[in-house]
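Only one structure is covered here, and it is reproduced in the block below.
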Amino acid sequence: MRIGLSPVFLDDQLSFLNDWRDYLQGRIGRAVRFVQRGSYREIMDLLLEQKLDFAWICGYPYVRNRARLRLLAVPVMEGRPQYQSYLIVPATDRTTNSILDLRGKVFAYSDPDSNSGFLYPRYALMQLKETPERFFARTFFTWAHRKIVEAVGSNLAQGGAVDSYVWETLRLYHPELTVRTRIVEKSPYFGHTPVVARAGVSRAEFDTMQEALLGMSQNAAGKALLKRLNLDGFVAGDDALFDGIARMMRALDARS
């Protein structure tokens, strides 16, 4: 089974992925290989080319490609299969109260296929009848949510939009990074980053992998792995979780 992953923010990611691979192999009775790439686009290309069987991606590329994908599982954190986009600024900035205060500043995005780190902040500006090109002095991509926290914390960017799950997990494991930032605004809740299957995966393979992920919260070994991920578990989820992302995508597509 080939499982695609975008950049992982854990320090012990190699150790964790080895442990998670061993756990999944024991549950599904098949060899598991994790495939990591530096962007969602690279993972999506492999998935759509049938070179991956499953992938843990973002809700934005899932919504854009869901006719060719199947929703397998959704992470649960603090009792919700949802997360938010956090607008953050340097902790030394005590005057910024909203995105409007970042006019003429440098802003950091994570990935052009990220909901929380790209789609949502652009939609928020559209609601204010602004465009990023006119509003910000400059924008750039960090290609990882952790790097947004680092860029804003070091004042390389005066603002950034980050996945709440990543920020909260860094706050738990690396408070020295998050303490250098301040949350200014929080978005509405969106469906959490889904685990998906390519359309050609068999029903038996789909069911076996889904059972393995959903069952992690039911045994000690699975719970230990979830704790390292700062998650409660995984649920089957529902497409309706991603309706908000779909609405923003359609609105921005119509404007372009």
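Looking at the range 153-185, which of the residues that are assigned to a loop (DSSP other than H, G, I, E, B) and not β-branched (Val, Ile, Thr) is surrounded by the fewest Cβ atoms within 10 Å (Cβ to Cβ)? Going through the qualifying residues, I end up with SER154.
Exactly one residue out of GLY104, GLY117 is at pLDDT 95 or above and either within 25 Å of ASP45 (Cα to Cα) or buried (at least 24 other Cβ atoms within 10 Å of the Cβ) (or both): that is GLY117. Of all positions in the range 19-39, at least one carries a residue that is under 16 Å from the mean Cα position of the chain (by Cα), within 24 Å of PHE118 (Cα to Cα), outside any loop (DSSP other than H, G, I, E, B) and touching a residue at least 24 places away in the same chain (Cβ under 8 Å). For PHE190, indicate whether it is aromatic (Phe, Trp, Tyr), under 15 Å from PHE118 (Cα atoms) and in contact with a strand residue (DSSP E or B) (Cβ under 9 Å, 6 or more places away or on another chain). Here the answer is yes, as PHE190 does meet what is asked.
Candidates are the residues of the range 113-129 that are of a type in the set (A, V, I, L, M, F, W, C) and in contact with a Ser or Thr (Cβ under 8 Å, 6 or more places away or on another chain); the one that is farthest from HIS192 (Cα to Cα) is LEU125.
Restricted to the range 225-256, and to residues there that are under 24 Å from GLU133 (Cβ atoms) and basic (Lys, Arg), the residue that is modelled with the lowest pLDDT is ARG255.
Step by step: first the residues of the range 186-202, then only those that are among the aliphatic types (A, V, I, L, M) and part of a loop (DSSP other than H, G, I, E, B), then the one that is surrounded by the most Cβ atoms within 10 Å (Cβ to Cβ). Which residue is that? Among residues in the range 186-202 that are among the aliphatic types (A, V, I, L, M) and part of a loop (DSSP other than H, G, I, E, B), the one surrounded by the most Cβ atoms within 10 Å (Cβ to Cβ) is VAL201. Could you check, for the range 42-50, whether at least one of its residues is within 25 Å of GLY191 (Cα to Cα), without any contact (Cβ under 8 Å) to a residue 60 or more places away in the chain and in contact with a Phe, Trp or Tyr (Cβ under 6 Å, 6 or more places away or on another chain)? There is no residue in the range 42-50 that is within 25 Å of GLY191 (Cα to Cα), without any contact (Cβ under 8 Å) to a residue 60 or more places away in the chain and in contact with a Phe, Trp or Tyr (Cβ under 6 Å, 6 or more places away or on another chain).
The values are calculated or read from the model by the stated rules, or taken from the named source; none is laboratory data. These numbers come from a predicted model, not from an experiment. No Cβ is skipped: glycine too gets one built from the backbone with ideal geometry, and neighbour counts run over all protein chains shown.
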